[in-house]
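Shown next, in structure tokens, is the structure this report addresses.
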Amino acid sequence: MTYDESIRLDVLLDSAATHAVPVVCGVDEELFSAATPCDEYDVRALLNHLFHVVVNFQALAAKQPADFSTAPDHVAEADWRARFEAETRKLVTAWSAPGAEDGTTGLMDMPAHTVGSMVLLDLTVHAWDVARATGAPFEPAPAVVAELAKVCAEMAPMGRRMNVFAEAVVPPKGASAFEHLLAATGRDPRT
């Protein structure tokens with residue numbers, strides 16, 4: 001993949017976290033059963049998925065095994081918001097460690113930078129999913145969107161084969177760069 005070497009992954013993750021955490025932590029439990037743009041997830045399931053991703057990608061940054069076999073109900077705990085914020089900070093710290101972006105990591109033995117880009121994509125796109133489902137505003141930083149557009153262009157075919165991405169949709173006329181990114185992941189950015 002071609003990356004902008006002047007912008008480090010941990011800097012992008014920090015920006016993504018700054019935009020995502022208020023959306024996630026602002027969800028009212030009354031909205032847990034609301035549908036999201038991810039057909040397989042309601043808000044509660046999507047929050048749990050995103051929480052689980054944030055925790056497991058810390059291990060991947062350290063070249064440790066991650067466990068995606070279970071999906072704990074993180075939001076059942078009273079302090080889940082503070083814990084999500086803390087775990088997201090740990091994620092940024094993990095990807096800031098020397099060597100985190102070097103070499104390979106994960107079960108698929110993928111380049112570490114690619115794996116880190118995957119959590120950047122999840123943190124950004126799923127934050128939008130939560131925002132869309134709950135009526136919260138969300139707009140990621142342009143640098144994050146620009147990097148994810150490159151990542152998505154290269155990873156989308158594999159993502160579709162693995163049923164991680166839906167088929168791309170045609171972006172609406174006059175779509176922003178972020179709306180183009182959402183459309184590439186199979187989301188209709190204006191519904």
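Read-outs: derived from the displayed coordinates by stated rules, not from any lab. Predicted, not measured: the structure shown is a model, and the values here were computed from it. Glycine gets a Cβ as well: all are built from the backbone with ideal geometry, and neighbour counts include every protein chain shown.
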Cα-centre dipole for segment 91-191 with unit charges at Cβ (Lys and Arg positive, Asp and Glu negative), debye to 20: 360 debye
Efficiency of FRET from Cβ geometry, E29 and A168, R₀ 41 Å, rounded to 0.05: 0.75
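Filter the GluC sites (Glu not before Pro) in segment 129-191 to those in DSSP coil with at most 12 other Cβ atoms within 10 Å of their Cβ, and list the result.
Hits after loop and neighbour filter: E167.
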Helix-only [θ]222 nm of the chain, DSSP H runs n ≥ 4, -39500 (n - 2.57) each, per residue, nearest 500: -18500 deg cm²/dmol
Sequence ranges 136-144, 52-60, ranked by mean other-Cβ count within 10 angstrom, highest first: 52-60, 136-144
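Got the relative contact order for the chain handy, in percent, Cα pairs under 8 Å and 6 or more residues apart?
Numbers: 246 pairs, mean separation 49.6, N = 191.
Rounded, it is 26 percent for the chain.
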Aspartates and glutamates with Cα under 13 Å of K63, excluding same-chain neighbours fewer than 8 positions away: E101, D102, D109
E77/T104 FRET efficiency (R0 35 Å; Cβ-Cβ; nearest 0.05): 0.55
Distance in nm between pseudo-label sites at A146 and K63 (7 Å out along the Cβ direction from Cα): 3.1 nm
